[in-house]
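Presented below is the structure to which this report refers.
Nothing in this text is a laboratory measurement; each read-out follows from the coordinates by a stated rule. Only a predicted model underlies this, so the values are computations on that prediction, with no experimental measurement involved. A quick note on method: Cβ atoms are made from the backbone with ideal geometry, for glycine too, and the neighbour counts reach across all protein chains shown.
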Amino acid sequence: MKTMKTLLDPCCGRCTHTPETPCRDYVRCQTEGPLCHDDPACRMERERLLRELKTEVGSQKQAVLFCTGTGCASSGSNKLIEIMDAEIKKAGLDVSVSTRPTGCHGFCEQGPIVIIEPAKTFYTRVKAEDIPEIVAKDLVGGERVEHLLYVDPTTGQAATTYANAPFYAKQHRIVLHNCGHINPERIEDYFAQDGYRGFAHALQDMKPDEVIEEVKRSGLRGRGGAGFPTGLKWGLCRQSAGDKKYIICNADEGDPGAFMDRSVLEGDPHSVLEGMMIAAYAIGADEGYIYCRAEYPLAIKRLEIAIKQAEEVGLLGDNILASGFNFRIYIKAGAGAFVCGEETALIASIEGKRGMPKVRPPFPAQQGLWGKPTNNNNVETYSNVPHIFRHGADWYAGFGTEKSKGTKIFALTGKVNNTGLVEVPMGMSLREIIFDIGGGILGGKKFKAVQIGGPSGGCLPESLLDLPVDYDTLVQAGAMVGSGGLVVLDETTCMVDIARYFLNFTQKESCGKCTPCREGTKRMLEILVRITNGEGKEEDIETLEKLAGVVKSTSLCGLGQTAPNPVLATLKYFRHEYEAHIRDKQCPAHACSALLTYTIDEEKCKKCGLCAKNCPVKCITGDKNTPYRIDASACIKCGTCMEKCKFGAVVRA
Amino acid sequence: MCELCQDLIDPKETKLAEVLAGYAGRKGALIPVLQKAQEIYGYLPADVLRRIGRGLKIPVARVYGVATFYAQFRLTPMGQNVLRVCLGTACHVRGGAKVLETIEQELGVKDGGTTEDQRFTLEIVACIGACGLAPTMMINDQVYGRLAPDKVAGILAQYE
Amino acid sequence: MEWLTLTIDGRTVSVPKGTTVLQACRMNNIPIPTLCHDPELTATGSCRLCIVDIEGMRNLPPSCVTQATQGMVVRTQTEKVRDARKTILELLVANHPLDCMTCQKMGSCDLAKYAYEYQVTGEAFAGGERRHLPIDDSNPFILRDPNKCILCGKCIRACEEVQGRGVLDFSHRGFNTQVGPAFDLPYAESECVFCGSCVSVCPVGALTEKQMAGQGRPWEVKKVQTTCPFCGTGCNFDLNVKDGKVIGVTSNPEAPVNGRALCVKGRFGMDMIHSPNRLTTPLIKKDGEFVEASWDEALSLVAEKLGEIKAQYGADSIAALSSARCTNEENYLMQKFMRAVIGSNNVDHCART
């Protein structure tokens, strides 16, 4: 008998599965097979291969996992794999140790990340010169390389495994479960984690209406922004009359400060395909499109590989698993327009038009892509779906709050110690996310606010840190879950400047179709720029509020309707900062350069002249006998003098 | 065709013709064709846009409308290397603007500009999704993270 | 037909199913301001001026693209609605030149009409950035001032949907959005054939008839509906007459054959009316030279000659060639004259070949 090289090979001549002659038990056979015949030899082969893929506790083999997500790859992780392979060979370990490129762990800050399985040892910021030490000390000697372990900045303790690093300890990873652990470029790794079992179950044991009912029961809501119930959305599309229907996966993750979709696409692309396949079956669609940002070349590459593999094993194509269900998936690379995250604009873009939103109704579920009923969800939503069908709707609904079920991935960034992707059950408080998982504020500074939900969201102050994070609570507080960006701001961040930052973004990304968004965001931005430049007028706040109200209530699409949120939220919670800029011509955070003045404290100044030497506009005069002075009229407020002074003699006010 | 004439044919034009033929009659072809054309020519010259319009039977005004709508499309020649500085939220609050300022000074160009020696085209982008490494930038497909103004010159020097 | 009953500003009205809220209002003489709406073109809902308040809806939906439903309660003049409309007008005016005194559109400008109604002075957002684009003076027919454009997109839709040309489209995006031919070229360098449909739908002074510039204001002009003399299609339009002089042509939406559509000749080819080269009296060739004559003199001569020919060579030696540019009445008279007076069936016209 021929031995199997990979899990995808037939165990013996009795296996007849091909895409042309599909076997209905193909997916289950991967982890429980063989099913069509009873042969201990075949079973042993499968079990052997499965053990290799899973490297669980107790397995003979060790695996060295290298994160090859965009973050770690940029710090050179692909090179590290080559070095490790060579070192393993040199040490004669190539039988018992394998290397595995994986997707993102979400802790990009600490990259490149290396994990040793099955011990779960967690090495961070690994450099090429550390590799021989890992081989000698850990792989051969069985000891941890202490200086590569992650040290928690608040407790000073080293985490022995990733599971006990505080960053991971409070997370609950459902969608990110495979990210960082499986090789995203191999479908057999996904099979080994019960991949496609949810799809096979839905396809073979449930009617489309039952699938929709199950999604409704799970309480899953769209993870892309507004939180529309996913089951309801699928049901509407199923009910729409039409001989042809489409599925779209929105992978145009454009919110500045959010990268969870990128990580899922790069780290576990098959989970997205599986979710789309379940949706297609439920709705009655036979074609799917993934609209992915062109800025994510690695995600596109991995999706292409995943689609090809799924086609090769007959999970995409005609008569999938002998069920009569046909489905194909195509990738469309976006061309760079944030507004294409809006579903009607996205559809226009797939159709080859300018990405300008259309008036709804008709909704895409009625008339979408090429006028046909179309269901659109984002990456994270789809990748939740397989878990619902693997473990059941009740299991899924066990996570989260009454109206927001399951987990949500947040991109925790900004002035926080641990930045990265965080998956937590809905309803966890902001305080827990920022201080327990995020490890508190960078550099011991004081927390000021957290910006949630990107350009459509808002900034919440310290007094709201105990709010549970779910769809409805955040909207009430003037923010939104949105795509899940959580940007932590400290005392040195100016809230007017943050509002200006987001308005600048939405104003640039406005498609220009409707008047309030095109002209209104421009005027709002002009006012905010004026205020941060110290030229604000007393009536500016009132004008901002009026404009914000009109842009919000009269814009055509979600981009315009939510564009004023960052302004409204900062006006609500940080109005005093606006007033300080306008009335006192001061920026309380000392961030708006136009409102700063630099002076030299004569008592502290040692007359070293370093400030004058480095000043780019030469506006500092003085010498050994004359005190150094800054000519305020010429000063460009770049702050170089303050950075260069070793005696703290330059004072900013 | 004689050998002499063969030399007169622009290989880029042949490639574009192949792309157009491959997409003939297909729905939603305009954006992928523009993307492929930009790969071939490095940017989208007016004549190429006209040919695409004829090839796909789309009014050239619409081709131009689409080409000017999306940030990815360039209607003027680009430098050999495209440097994208991220000013996403995470990069913004972690000093991305200072990094950008340094790059602007080093290269002597602003957003959308190309250096005189054609080495770099500078673009400001909203987010490249590497927020954990903020502030970041991308040169061609390579991401650089944890930037600081004093690291910029060294990185730029690596590119011809 | 299924009918729906809804309440608009407290009035109960009935409209057929499939009616938009805007149509329902207009059917019942309830005024709603619109800039991008045109009953003959696809609705895009982009100017947002026609917003109304509808019970149960979160924002202020645009009436032009909102379907009326049974029991809907609509308010068109609440303070919130009027304030929002005023702000939208202020935003448009803040990016629009205020040279109304010399603007050809004054008196028929929709933006000015609503600015007046909502008392928008142009002071709001003063000092902000404005568009500064070159004026397209490239051709003898259409004057295009993109700075006056409010991006309603009606010209694009007229070119595409009515004329089937697609010469115009939006380009760039956001605040920098423009409307025009490919590559932002002037009309003369584009594929435009100057039918002027874009001009006929423009609600502001962005697209105007060049030959009418400075010639007369809408209220000084008498509109005379007539049939185009250029070909046999029979298009109707309005001659714009001031002080007994034709200063230009505008579309007449009621024209039975063509609606607002016209070709370059019909819309812009009126200069021959007052051309000094035009013949105003009959000419009779005497001694090899054309000499002015009176109508009586000329007609007598023609009658005499025709009589002579008929007597000498017979009626069939005479044929008449008429013109498709003449009216039906004129052509009828011509053939009647030939058959009844001359006695010949030799009748033909220029457009037959």
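Add +1 for every Lys or Arg and -1 for every Asp or Glu among the other residues with Cβ under 12 Å from the Cβ of residue C:51, and state the total.
+4
Work through the residues other than residue B:59 whose Cβ is under 11 Å from its Cβ and net out their charges, Lys, Arg +1 and Asp, Glu -1.
That works out to +2.
Report the GluC sites (Glu not before Pro) located in the stretch A:570-653 that are in a DSSP loop and have at most 13 other Cβ atoms inside 10 Å of their Cβ, or state none.
Those satisfying the criteria are A:602, A:603.
Can you give the relative contact order of chain A as a percent, counting alpha carbon pairs under 8 Å and 6+ residues apart?
Value for chain A: 11 percent.
Semi-axes of the equivalent ellipsoid for the stretch C:283-349, please: Cα gyration tensor eigenvalues, times 5, square-rooted, ordered largest first, whole Å.
23, 17, 10
Show me, for the stretch B:29-41, the HN-Hα J-couplings you get by feeding each phi into the Karplus relation (A = 6.51, B = -1.76, C = 1.60, θ = phi - 60°), rounded to Hz, glycine and proline as x.
Using θ = phi - 60°, the values come out as 7, 4, 5, x, 5, 4, 4, 5, 4, 5, 5, 6, 9 Hz.
What is the mean number of Cβ atoms from other protein chains located within 10 Å of the Cβ atom of each residue in peptide B:25-37, rounded to a whole number?
4
In terms of modelled amide H atoms, which long-range or inter-chain residues lie less than 5 Å from the amide H of residue A:63?
Sorted by chain and number, the residues that satisfy this are A:98, A:117.
Starting from 0.36 nm per residue, how many nanometres of slack lie between residue A:39 and residue A:636 once their C-alpha separation is accounted for?
In short, 206.9 nm is gained.
Looking at this model, which pairs from A:5/A:137; A:61/A:90; A:120/A:446; A:5/A:170 are more than 29 angstrom apart at the alpha-carbon?
Listed pairs above 29 Å: A:5/A:137; A:120/A:446; A:5/A:170.
Suppose R0 equals 60 Å; then what is the FRET efficiency for residue C:286 and residue C:29 from their Cβ-Cβ distance, rounded to the nearest 0.05?
The calculated FRET efficiency here is 0.35.
Fewest Cβ neighbours within 10 Å first, please rank A:492, C:76 accordingly.
A:492, C:76
Listing A:189, B:141 from the residue with the fewest other Cβ atoms within 10 Å to the one with the most, what is the order?
Exposure proxy ranking, most exposed first: B:141, A:189.
Suppose a student asked you for the relative contact order of the stretch C:218-278, using Cα pairs under 8 Å spaced at least 6 residues apart; what percent would you report?
Relative contact order here is 26 percent.
Quick one: order A:342, A:312 by neighbouring beta-carbon count within 10 Å, fewest to most.
So the ranking, lowest neighbour count to highest, is A:312, A:342.
Among C:93, C:251, C:318, whose Cα sits farthest toward the positive end of the charge dipole of chain C (+1 at Cβ of Lys/Arg, -1 at Cβ of Asp/Glu, about the Cα centre)?
C:93
Quick one: what are the phi-derived ³J(HN,Hα) couplings along the stretch A:310-315, Karplus 6.51/-1.76/1.60 with θ = phi - 60°, whole Hz, x for glycine and proline?
So the J values, rounded to whole Hz, are 5, 5, 5, 9, x, 8.
Return the percentage of antiparallel bridges among DSSP beta bridges fully within chain A, rounded to the nearest 5 %.
60 percent
Among C:328, C:4, C:149, whose Cα lies farthest out toward the positive end of the dipole of chain C, if unit charges sit on the beta carbon of Lys, Arg (+1) and Asp, Glu (-1)?
C:4
Past 22 Å, Cα to Cα, is the threshold; run A:408/A:546; A:54/A:207; A:54/A:301; A:54/A:79; A:618/A:646 against it and keep the listed order.
Cα-Cα > 22 Å for A:408/A:546; A:54/A:207; A:54/A:301; A:54/A:79; rest within.
With a cut-off of 8 Å between alpha carbons and a minimum separation of six or more residues, what is the relative contact order of chain C in percent?
Computed value for chain C: 10 percent relative contact order.
Across the Cα atoms of chain A, what radius of gyration and what greatest pairwise Cα-Cα distance (Dmax) are found, in Å?
Gyration radius and largest Cα-Cα distance of chain A: 27.6, 97 Å.
Under a point-charge model restricted to the Cβ atoms of Lys and Arg (+1) and Asp and Glu (-1), what is the dipole moment magnitude of chain C relative to its Cα centre, in debye to the nearest 20?
660 debye
Averaged over C:182-188, how many beta carbons belonging to a partner chain fall within 10 Å of each residue's beta carbon?
For peptide C:182-188, the averaged partner shielding equals 4.
Could you give each residue of the stretch A:183-196 its phi-based ³J(HN,Hα) in whole Hz, using Karplus coefficients 6.51, -1.76, 1.60 with θ = phi - 60°, and x for Gly or Pro?
In residue order, the calculated couplings are 7, x, 9, 10, 5, 5, 4, 5, 4, 4, 9, 6, x, 6 Hz.
Give me the net charge for the shell around residue A:175: Cβ to Cβ below 11 angstrom, other residues only, Lys and Arg +1, Asp and Glu -1.
Once positives and negatives cancel, what remains is -1.
As an exercise, use a Förster radius of 51 Å and the Cβ-Cβ distance of residue B:80 and residue C:101 to find the FRET efficiency, rounded to the nearest 0.05.
Efficiency, rounded to the nearest 0.05: 0.45.
So if R0 is 45 Å, what FRET efficiency would residue C:264 and residue C:12 give, r being the distance between their Cβ atoms, rounded to the nearest 0.05?
Working from the Cβ atoms, E equals 0.35.
Give, rounded to the nearest 20 debye, the magnitude of the charge dipole that the stretch C:215-349 has about its Cα centre when Lys and Arg contribute +1 at Cβ and Asp and Glu contribute -1 at Cβ.
580 debye
Where in the stretch C:239-319 are there trypsin sites (Lys or Arg not before Pro) that are in a DSSP coil and have at most 12 other Cβ atoms within 10 angstrom of their Cβ?
C:278
If you average the C-alpha positions of the stretch A:172-238 and of the stretch C:5-83 separately, how far apart do those two centres end up, in angstrom?
Cα centroid to Cα centroid, the span is 41 Å.
Please report the Cα spread of the protein assembly as shown along all three principal axes, rounded to whole Å, starting with the longest.
That works out to 131, 95, 79 Å along the principal axes.
Counting DSSP beta bridges with both partners in the protein assembly as shown, what percentage is antiparallel, nearest 5?
In the protein assembly as shown, DSSP labels about 65 percent of beta bridges as antiparallel.
So how much slack lies between residue A:328 and residue A:94, counting 0.36 nm per residue of separation and subtracting their Cα-Cα distance, in nm?
Full extension of this stretch gives 80.3 nm more.
How shielded is A:287-294 by partner chains, expressed as the average number of their Cβ atoms within 10 Å of its Cβ atoms?
Going residue by residue through A:287-294 and averaging, the value is 1.
What number, rounded to the nearest 500 deg cm²/dmol, is the helix-based mean residue ellipticity at 222 nm of chain C, given -39500 (n - 2.57) per DSSP H run of at least four residues and division by all its residues?
Computed ellipticity for chain C at 222 nm equals -6000 deg cm²/dmol.
How many angstrom separate the Cα center of the stretch A:522-561 from the Cα center of the stretch A:272-316?
Cα centres, the stretch A:522-561 to the stretch A:272-316: 41 Å.
Scan around residue C:51 for amide H atoms under 5 Å from its own, H built in the peptide plane at 1.01 Å from N, and keep only partners 5 or more places away or cross-chain.
Amide H neighbours of residue C:51, under 5 Å, 5+ apart: C:63.
Compute the length gained on full extension between residue A:491 and residue A:463: take 0.36 nm times their separation in residues and subtract their Cα-Cα distance, giving the result in nm to one decimal.
Using 0.36 nm per residue and subtracting the Cα-Cα distance, I get 8.6 nm.
So if I take the centroid of the Cα atoms in the stretch A:28-93 and the same for the stretch B:1-42, what is the distance between those two points in Å?
So the two Cα centres are separated by 43 Å.
Test of understanding: extend the Cα→C-beta vector of residue A:308 to 7 Å, then name every residue of the stretch A:242-266 with backbone N under 19 Å from that spot.
Once the point is set 7 Å along Cα→Cβ of residue A:308, A:265-266 turn out to lie under 19 Å by backbone N, inside the stretch A:242-266.
If you take every DSSP beta bridge whose two residues both sit in chain C, what share of them, in percent to the nearest 5, is antiparallel?
Of all bridge pairs located within chain C, approximately 85 percent are antiparallel.
Between residue B:146 and residues 5 or more places away or on another chain, which pairs have amide H atoms under 5 Å apart, with H built 1.01 Å from N, and which residues are they?
B:134
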